Amino acid sequence: MSNKMYQTTSLLNKWVQENNELVNKWKQQEGGGDTLSQNQNHTHLRWCSSDFDNLLRKIQGVPPLAEHTHLELSVVYNACVCAAARSQFTEAELLLARAIQRALQMTGDGPVASDPLAFWRTVLKSVGNTALNSSVLYLLCLQWAIWLATCQLKTIQEFKEELSSLFETLFGGAGDDGRSEARGKSSDIPLLVMDPRRLAELLQICTSIAQGAERLSEGQSSEALSGLQTASSMPAPRTLVAYVHLLSGSCLAHMSRPQMALQCYRKALETDSCCVYALYQSMLIYRQLGNTQAEIQALRLLHSTLMLPSATVPALAGTHLLSPSLLLCSQSLNSLLSVPSALSVLHNLALKCVLHGRVSEGVEHYLDLLAALHSEDQHGSLSQVHAETTHLPRFPELYLEAGAALLMARRPADCMVLCNEVISATLELLPEKLVLEDPEERITAETRTVSGEGEDKVVMLLWAGAAYLLLGHCQTQLKDWKQAVTHYTRCINLLVKVRFKKKGFQPQIPSAEMVFKLGTDLCILQRLKGLSLAGRGISFTQTDQLREALRDFLLSLQAFPECVGAGLWCGEVLWRLGRRQEAAACWEKTWSFSTQSSVESLPVYLQEPQSGPLLDSKELRNRIQELGPT
């Protein structure tokens, strides 16, 4: 053996040994990944990446030699895997291109195409029948991974045939150059940090998932479903199989096949019990179907799952170098996999329970929610609380909802505590008078700004008014009629501060006719006014102040014509005053009110109270029958 050949062999062996030591060092660390922190893993990965780069610089520091090529491409593979794992995709692609150009010098070819697809097609054609084929196919796996991680799904689709051929070659045995796990322990064979076959399997399922999500977001549900059904039989980690079932369910839901969608979501949960997305989508289907009890059960399970420590860690993350979480990052998929925060789900659960007859359960959920929010606040995580509560009502509104739930559960003392908190937080900020302009006349930017400020003040005024309304209901429940009148009066006095101004006219108190035109806030204002007048009227009735009661009931029905309590009690007062025909007409009209408007479209604290003095409609109908025809 010549001296030069001996030096080349010695150098080659030294570099192979250095590569293998780095690979084994990574695999040892990877094996103990569960005990290492995420920061320690990132640090170790950075060191490995740097070491492979240094080794590659040594190898590429000499002219390309045929006997070095396998080693060089193996080290390039390892360096690129580390670079891609650190999301350094541009650097990884440059390493790939440079290494392949050097390798092709061995075949006498030198592609110059700058277009990635043309470049790779030329490369595959050049090395197809050479010893370099398997090494180049491994590098093509990495190019596929980079395209997927950078959401270049159209490029992958255009290269579909070549990638299918790559997959078949790797699993047909032709792609194995003796570096498989079984034979990879020989000291003269360069080891790889990640098995290319396992990578190809991962890329195949991840590509199907990403393409399915893309088609689904573009409205191509049946095409997406077809591709996902093929993917469901691919070998893959449990979490990814669950994603395939989940996306299949979403396709079926978009195709108006909710029962089949639920079956897919069930399969996703059977595959991965922590698939929160499947729970969330199931809940939405139950809501769409009007199955409230199943919806509540799904919300409870979703909240419990989100509270598990594992739920805070991305399900697809891990210590593997190229994890599914790195490859699946398209906006289409992220939007399909978005789930509300645990606190938002808890709020939804509390509200559903209260609105659908499970009041004591709803109260406990509200109290848990408020305790969680206060705990976060006290621990100085206010910014985190803000981020977490972006889909939650603001604190005063949450207090009012919880207060209304406590009132329904006949816990007036607890309700009063929350209402007093709302009043103390808002009362000093309320204006002496508030004038709202016709929305159609807000033309200039300055007017819009003033209008925005005015709307904020309206909201605060409505919160304070609602708190007084609930306090009045509490006193009614306690049968303290004098105190009830006081609180209802305070609510009314706040609401009459709001005036509506139309161009060319003096500001006036809003009427029921204006509500439709002026939107939600005015609708709430009128409802509050109607409920507080009705409440005060009922309190007057209990102390035999019938004239005052009748006045309040008539005013209540002016502000909120569908107020059942005001209508029934107005008839009761008329009956007591001897105006029995008017009373009968009043009751008949009240029973004819449409009840189609969903209670869920209104805040829970604006529902008519189901406690305090109530009139029996059956008894009232008997009175009308006894009265006979007019």
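List the trypsin sites (Lys or Arg not before Pro) in region 521-630 that DSSP assigns to loop (not H, G, I, E or B) and whose Cβ has at most 15 other Cβ atoms within 10 Å. Which are they?
Answer by residue number: R579.
Would you mind ranking L327, L262 so that the residue whose beta carbon has the fewest other beta carbons within 10 Å leads the list?
So the residues, fewest neighbours to most, are L262, L327.
Rounded, prolate or oblate: which one fits region 205-336, using the alpha carbon gyration tensor with axes a ≥ b ≥ c (rounded when a/c is under 1.5, else prolate when a/b beats b/c, else oblate)?
It is oblate, given that a/c is not under 1.5 and a/b is not larger than b/c.
Sort F119, F52 so the one with the fewest other Cβ atoms within 10 Å of its own Cβ comes first.
Result, fewest neighbours first: F119, F52.
For a quick check: sort E218, E161, E72, E582 by the number of other beta carbons within 10 angstrom, fewest at the front.
E161, E218, E582, E72
Quick one: 3J(HN,Hα) in Hz for region 193-205, Karplus 6.51/-1.76/1.60 with θ = phi - 60°, rounded, Gly and Pro as x.
6, 8, 5, x, 5, 5, 5, 4, 4, 4, 5, 4, 5
Nearest 20 debye, what's the magnitude of the dipole of region 205-336 about its Cα centre given +1 on Lys and Arg Cβ and -1 on Asp and Glu Cβ?
Dipole of region 205-336, to the nearest 20 debye: 240 debye.
In nm, what is the difference between 0.36 nm times the number of residues separating S50 and S617 and their Cα-Cα distance?
Gain on extension, S50 to S617, equals 195.9 nm.
Scan around R499 for amide H atoms under 5 Å from its own, H built in the peptide plane at 1.01 Å from N, and keep only partners 5 or more places away or cross-chain.
For R499, the qualifying residues are L434, V435, L436.
Using θ = phi - 60° and the Karplus relation 6.51 cos²θ - 1.76 cosθ + 1.60, list the HN-Hα couplings for region 118-133 in order, rounded to whole Hz, with x at every Gly or Pro.
Karplus values, whole Hz, x for Gly and Pro: 4, 4, 5, 5, 5, 4, 4, 5, 5, 9, x, 10, 10, 5, 7, 3.
I need the phi-derived Karplus couplings for region 276-285: 6.51 cos²θ - 1.76 cosθ + 1.60, θ = phi - 60°, integer Hz, Gly and Pro marked x.
Per residue, the Karplus-derived 3J(HN,Hα) values read 4, 5, 5, 4, 5, 5, 4, 4, 5, 5 Hz.
FYI, it's all coordinate maths here, none of it is from the lab. Since the structure is predicted, the reported quantities are computational estimates derived from the model, not experimental observations. Cβ atoms come from the backbone with ideal geometry, glycine included; neighbour counts cover every protein chain shown.
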